[in-house]
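Peer 1: After the structure tokens below, expect a handful of questions from me.
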Amino acid sequence: MKAEKTPEESVAEQVQVLTQSTMNGANRLFGGRLMEWIDIVAAVVARRHSEHNVTTVLVETLEFLAPAVANSTIVLKGRIVYVGRASMVVRVTSYVEELNGTRTLINSAYLTMVALGEDGRPCPVPKLTVMSAEDKAEWDKAETRRNIREAERKRERGGK
């Protein structure tokens, strides 16, 4: 296992064409199906980064921005944006891709995944090398969200 990796080393992309089986009662993409695909893409990204099996521990953000209808092409892109000792934050963006290649963002999600060792317990993951300004901004936002969650947990435990 490498000591450090770049976000590019673990990028994943999935493409789906929407069929009737993926539609809800309003004839739009069923949100739960999109959530399933997002979780799969996030897991692939985290597995590539950690070189271990992973589990989802937190869906930080899952924002539905626009609908998708039958016969749409959906493109999901996953990228690692932050790592802790055993945890990884993955951003998954989902788009409707028109026949001319134009993409419209329909969902943005951040998931925290944890690498699992042979014993099924959390295990260390490679550090993340962030080089671009966009990668640094994503890292900073993820770190801020993590600090807020930790402070909230501490308050819930009575400050201990």
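Peer 1: Toward the positive end of the charge dipole of the chain, about the Cα centre and with charges on Cβ (Lys, Arg +1; Asp, Glu -1), which of 25, 80, 105 goes farthest?
Peer 2: Sorting the options by dipole projection puts first 80.
Peer 1: How much length is gained if the chain between residue 118 and residue 73 is pulled fully straight, taking 0.36 nm per residue apart and subtracting their Cα-Cα distance, in nm to one decimal?
Peer 2: Result: 12.4 nm gained on full extension.
Peer 1: For the chain, with only Lys/Arg (+1) and Asp/Glu (-1) charged at the beta-carbon, what is the dipole magnitude about the Cα centre, in debye rounded to 20?
Peer 2: 560
Peer 1: Below 8 Å between Cα atoms, with a sequence gap of 6+, how large is the relative contact order for the range 1-129 in percent?
Peer 2: Computed value for the range 1-129: 32 percent relative contact order.
Peer 1: What is the extension gain from residue 65 to residue 23, computed as 0.36 nm multiplied by their sequence separation minus the C-alpha to C-alpha distance, in nm to one decimal?
Peer 2: Full extension from residue 65 to residue 23 adds 13.4 nm.
Peer 1: Moving on. Apply the a/c threshold of 1.5 to the C-alpha gyration tensor of the range 1-86 and tell me whether it is rounded, prolate or oblate.
Peer 2: Prolate, because a/c is 1.5 or more and a/b exceeds b/c.
Peer 1: Let me check against my output: what whole-number percent is the relative contact order of the range 1-57, with C-alpha pairs under 8 Å and at least 6 apart?
Peer 2: With pairs under 8 Å counted, the relative contact order is 42 percent.
Peer 1: Any idea which of 45, 96, 70 is furthest toward the positive side of the dipole for the range 1-136, if Lys and Arg beta-carbons carry +1 and Asp and Glu beta-carbons -1?
Peer 2: Projecting each Cα onto the dipole axis, the largest value belongs to 45.
Peer 1: Additional query: Run down the lysines and flag those whose C-alpha is under 27 Å from the C-alpha of residue 127, throwing out any fewer than 8 positions away in its chain.
Peer 2: Leaving aside lysines fewer than 8 places away in the same chain, those within reach of residue 127 are 2, 5, 77, 136, 141, 154.
Peer 1: Counting alpha carbon pairs within less than 8 Å and at least 6 residues apart, what relative contact order, in whole percent, applies to the range 24-89?
Peer 2: 40
Peer 1: Length gain on complete extension for the stretch residue 97 to residue 144, per 0.36 nm per residue less the alpha carbon to alpha carbon distance?
Peer 2: Contour length minus the Cα-Cα distance gives 13.7 nm.
Peer 1: Let's see if you can work this out: charge +1 on each Lys and Arg Cβ, -1 on each Asp and Glu Cβ, no other charges. What is the dipole magnitude of the range 66-160 about its Cα centre, in debye to the nearest 20?
Peer 2: 520
Peer 1: Using a Förster distance of 22 angstrom, determine the FRET efficiency expected from the C-beta separation of residue 131 and residue 14, and round it to 0.05.
Peer 2: That gives a FRET efficiency of 0.30.
Peer 1: Return the carbon/sulfur percentage of the accessible area of the chain, one whole number, probe 1.4 Å, all protein chains in place.
Peer 2: 51
Peer 1: Which entry is the computed Rg/Rh (Cα atoms, Kirkwood Rh) for this structure: (1) 1.01; (2) 1.31; (3) 0.95?
Peer 2: Checking each listed value against the structure points to (1).
The values are calculated or read from the model by the stated rules, or taken from the named source; none is laboratory data. Since this is a predicted model, take the numbers as computed values, not measurements. Counting neighbours? That spans all protein chains shown, and the Cβs are built from the backbone with ideal geometry, glycine included. Side chains included, ligands, DNA and RNA excluded: accessible areas come from the protein's heavy atoms. Shrake-Rupley method; radii C 1.70, N 1.55, O 1.52, S 1.80 Å.
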